[in-house]
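For reference, the structure is listed below as structure tokens.
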Amino acid sequence: RPAICSTVGGFGLLLSTMYASSLGTYLLDAVDHYVNVYGLLFATLCKCVAVGWVYGWAESVNICGKRPTVLWSVGFGLSVVTCLGCSLAISRSSTFEGDGKFLCISIPVSLLLLLLAFLAALWFWRKDHPSNLSTSPQAAVAAVQELMLSGPNKLRGSINECAKEHGNAQLPWVWDVLIKYVLCAVLPALLLSSTYSDAIGNSRGYQDYPAWLQVVGFLFLASMLLSSIVFALMPSWWDWLAGSQSPSLPKTGSTQMLCPKGLKHANSSQQLRRCCTHRSSDMSSVSSDNDASDSA
């Protein structure tokens, strides 16, 4: 549409002109820093959250029940993963002293928490589905796996099927754990650490650049990203930007003969089209009836 083409083309012309100046080199580096440090990490985090915690939600609810799925996703996903990501970001600047024996405590604690989560998942699943629970260890492991790795496991199965058909390597089960638990904790830690480094002026990428260039690059890319998301979610806003375009109708012809009242009283082009379509269908039915009577 002319309005959209003019807006996008004019904006691109101004942006290209700005990049051609001496300021464009610094601004381009700031934008590049934003894309490498924030944009790629944020896009990867969104994909990991979508695959790990959103994809496969319905299947997990159908198999394990809504209560275990909600408790596991909210309790573990929001609390443990988020707290782990924040602690990783905070502890990056800290230096631990001693021989590291205290780190051995994390191993038995992790095993204990894993055992408790396994037993809790079995108890909730038995309570919601008492008739479907089998006493075999394979069924118990399958139930816990469906609760803990429902999204990545489902996607990995589809990927492995395609890879098997073409003779390619298949993804192991470790991929499910990395997508749902490891990356969802590490990526927020990297984002928080980079944000903290840029906020205090300790950016490792462009130390000699002034801070306002980083702010300009951040705001510029963030506004473009948010605008694309908003326009993707609200397609009617593109119509508002382009303006209403009413169809051109002939001044004389069969349309005016078929719909004189619609041409006079129609408040919009859609009402006019509906009126003309209705009149045209009526006239077509009348003409077909006349042809049938003539044939008879």
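What are the residue pairs meeting all of these: first residue in region 167-188, first residue among the β-branched types (Val, Ile, Thr), second residue crowded, with 19+ Cβ neighbours inside 10 Å, Cβ atoms under 6 Å, and 6 or more apart or on different chains?
Ile179/Cys48; Ile179/Val51; Ile179/Gly52; Ile179/Pro152
Is it the case that some residue within region 129-143 is at pLDDT below 85, part of a helix (DSSP H, G or I), of a type in the set (S, T, N, Q) and crowded, with 17+ Cβ neighbours inside 10 Å?
No, that holds for no residue.
Each row is one residue, and each column tells you yes or no for (1) among the small types (Gly, Ala, Ser); (2) over 30 Å from Met148 (Cα atoms); (3) modelled with pLDDT of 75 or more.
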| position | (1), (2), (3) |
| --- | --- |
| Gly9 | yes, yes, yes |
| Ser21 | yes, yes, yes |
| Val31 | no, yes, yes |
| Trp72 | no, no, yes |
| Val81 | no, no, no |
| Ser87 | yes, no, no |
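If you go through region 1-57, how many residues are of a type in the set (Gly, Ala, Ser), over 15 Å from Phe220 (Cβ atoms) and under 26 Å from the mean Cα position of the chain (by Cα)?
4
The values are calculated or read from the model by the stated rules, or taken from the named source; none is laboratory data. Please read all numbers here as calculations on a predicted model, not as lab measurements. FYI the Cβ positions are ideal-geometry reconstructions off the backbone, even for glycines, and counts take in every protein chain you see.
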